[in-house]
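Colleague: The structure follows.
The values are calculated or read from the model by the stated rules, or taken from the named source; none is laboratory data. On a predicted model such as this, the values are computed, not experimentally measured, just so you know. FYI the Cβ positions are ideal-geometry reconstructions off the backbone, even for glycines, and counts take in every protein chain you see. Surface accessibility is based on the protein's heavy atoms, side chains included, excluding ligands, DNA and RNA. Shrake-Rupley method; radii C 1.70, N 1.55, O 1.52, S 1.80 Å.
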Amino acid sequence: MAKKVVLAYSGGLDTSVAIKWLMNKGYEVICYMGDVGQGGDVISAKKRALKIGASKCVVGDLKKEFVTDYVYPTLKAGALYQGKYNLATALSRPLIARAMVKTAKAENADCVAHGCTGKGNDQVRFEVTFHVKAPGMKVFAPVREWELKTREQEIDYAKKHKIPIEQTKKKLYSVDHNIWGISVEGGDLEDPSLGPKDDTYISVSTAEKAPDKAEYVTVQFNKGVPVAINGKKFTPVELIQKLNKLGGKHGVGRMDMVEDRLVGIKSREVYEAPASEILYMAHEALEELVLDRETRRYKKGVSDRYSEIVYYGLWFTPLKKALDAFVASTQYEVFGEAKLKLYKGKVTICGRKSGNSRYKKDLATYGKGDVFDQSLAKGFIDLWAMPYRT
Ligand code: ARG
């Protein structure tokens, strides 16, 4: 039986060299490219894979599934890793890995491979998914296994084996890009005492270059999921693309953080995710209005746990499924809209409305029409304080 491997292919240097490396190990290489909205030239990447010697290059459009089945559940959960990172890269890995397993099964391949290093989170996310979806399947991680220690050595290997590569000059940053966000690390960013340079801006304008005039946007939600912008319905993919563009123009969605990787090191990363920043803020504004206090409070813990599960590569696990069920049950109530102002790098809430609001003006008001019975407060406080009175 021919030894066949399905390789997660990006078109970049690492995975291009990996094709040859796997071939030299005696494998027939089938490349898999998952389109999660990373942009770039898929056609020429595909051509390159075949030119290097891949027997096939399968391209899967995963954008819609990515948004509806990965991004939206995480948005509904309100999950941000360490309170900041929207998990864009982390969310794409289980989806791509699962699609690779499907391809491997369809192509009768007995191995899968990815181009992650041994220091990052992505190797974990890929491999946990492989183990869950195809227990026993052999996994290669060429970049972790081979002898090529530097980018220069990889370029030499590529030249020696006549591997066509796009750019030979020193790569400035390591960038992972999808429709939900862009992750930038490496290069000058490795010094956390320095601010990110302007060349780390990819989809977002600097505040200085953003328009001097604010723009307002209203997002409509149904069951915790955004369905329309300014009253106009969009498909999930279009909606995010539109908000990315709008937010990016106004300098919204940049984030600079030092995060704790699963493998135990701290790393400094800059993220761009304009649509995400707008949607998280709008979603929370709506939840403030419709969720009861105790559900909101409990959900906060779930948000944190959910973010860790995603970050740690545990997407296809029972706990994640159980938390999804909890989150979904809180989201039936979450419909309505939030209005936001985008201005010079900042998103501000300018209003929220819901047919399901728990906000009762007649109870809250200090003005006319107050129906709150203040005489009840004394008894309430007496009992509330009782356990603590000596
Ligand atoms: N630190 C982020 C994560 O683990 C992003 C990883 C990929 N980043 C990159 N620049 N290649 O999810």
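Colleague: Compute the accessible area per residue over the chain, keeping the other protein chains in place, probe 1.4 Å, unit Å².
Modeller: Working: 19830 Å² over 390 residues.
Spelled out: the 1.4 Å probe surface of the chain, per residue, equals 51 Å².
Colleague: Now a separate question. Pairs of Cα atoms under 8 Å, at least six residues apart: use those to get the relative contact order of segment 24-134, whole percent.
Modeller: The value is 23 percent.
Colleague: When 1/r is averaged over all different Cα pairs and the result inverted, which Kirkwood radius in Å belongs to the chain?
Modeller: Details: mean 1/r = 0.0433 Å⁻¹.
It works out to 23.1 Å.
Colleague: Treating the angle as unsigned and between 0 and 90°, give the value, to the nearest 10°, between the Cα long axis of helix 122-133 and the longest Cα principal axis of the chain.
Modeller: Approximately 90 degrees, to the nearest 10.
Colleague: Just how far, in whole angstrom, is segment 106-120 from segment 285-315 if you go by their alpha carbon centroids?
Modeller: 32
Colleague: Stretch residue 153-residue 361 to full length: gain in nm at 0.36 nm per residue minus the Cα-Cα span?
Modeller: Length gained, residue 153 through residue 361: 68.1 nm.
Colleague: Tell me the mean residue ellipticity at 222 nm calculated for the chain from its helices only (DSSP H runs of n ≥ 4, each -39500 (n - 2.57), averaged over every residue, nearest 500).
Modeller: Taking each H run of at least 4 residues, the total per residue is -12000 deg cm²/dmol.
Colleague: On full extension of the chain, what length is gained from residue 131 through residue 353, given 0.36 nm per residue of separation minus the C-alpha to C-alpha distance?
Modeller: Computed gain between residue 131 and residue 353 is 75.4 nm.
Colleague: Next question. Taking a spot 7 Å from the Cα of residue 261 along the direction of its beta carbon, which residues of segment 177-191 have an amide N less than 17 Å from it?
Modeller: Within reach of a label on residue 261, which here means backbone N under 17 Å from a point 7 Å along Cα→Cβ, segment 177-191 contributes 177, 183-191.
Colleague: Report, to the nearest 10°, how far helix 293-311 tilts away from the longest principal axis of the Cα atoms in the chain, using its own Cα long axis and a range of 0 to 90°.
Modeller: Its long axis makes an angle of about 10 degrees.
Colleague: So, one more: Residue by residue through segment 315-320, which ³J(HN,Hα) values in whole Hz follow from phi under the Karplus form 6.51 cos²θ - 1.76 cosθ + 1.60 (θ = phi - 60°), with glycine and proline marked x?
Modeller: Couplings: 4, 8, 9, x, 5, 4 Hz.
Colleague: Run the numbers for residue 329 and residue 305: contour at 0.36 nm per residue of separation, minus the present Cα-Cα distance, in nm.
Modeller: Result: 6.9 nm gained on full extension.
Colleague: While we're here: With the cut-off at 1.5 for a/c, could you classify segment 192-275 from its C-alpha gyration tensor as rounded, prolate or oblate?
Modeller: The shape class here is oblate.
Colleague: A further question follows. Which net charge results for the neighbourhood of residue 110, defined as the other residues with beta-carbon distances under 14 angstrom from its beta-carbon, given Lys and Arg at +1 and Asp and Glu at -1?
Modeller: After counting each charged neighbour, the total is +3.
Colleague: Between residue 165 and residue 84, what is the label-point separation in nm under the 7 Å Cα-to-beta-carbon projection?
Modeller: Label at residue 84, label at residue 165, 3.1 nm between them.
Colleague: Output needed: Cys residues of the chain lacking any neighbouring Cys C-beta below 4.7 Å, sorted by number.
Modeller: 111, 116, 350
Colleague: Using alpha-carbon pairs under 8 Å, 6+ residues apart, how would you state the relative contact order of the chain in percent?
Modeller: Details: 709 pairs, mean separation 70.9, N = 390.
Once normalised by length, the contact order is 18 percent.
Colleague: Classify segment 242-336: rounded, prolate or oblate, from the alpha-carbon gyration tensor (a ≥ b ≥ c, eigenvalue square roots; a/c under 1.5 rounded; otherwise prolate if a/b is larger than b/c)?
Modeller: Here segment 242-336 falls in the oblate category.
Colleague: Same structure again: Can you check what the net charge comes to around residue 123, using other residues whose Cβ is under 14 Å from the Cβ of residue 123 (Lys, Arg +1; Asp, Glu -1)?
Modeller: Computed value for this residue: 0.
Colleague: Quickly work out the residue 172-to-residue 28 label distance, labels modelled 7 Å from Cα along the C-beta direction, and quote it in nm with one decimal.
Modeller: 4.3
Colleague: Another question, then. If contacts are Cα pairs under 8 angstrom and at least 6 residues apart, what is the relative contact order of segment 285-390 in percent?
Modeller: 28
Colleague: Another question about this same structure. Could you grab the Rg to Rh ratio for segment 154-224? Cα atoms only, Kirkwood for Rh.
Modeller: Working: Rg = 18.8 Å, Rh = 16.4 Å.
Taking Rh as the inverse mean 1/r over Cα pairs, Rg/Rh reads 1.15.
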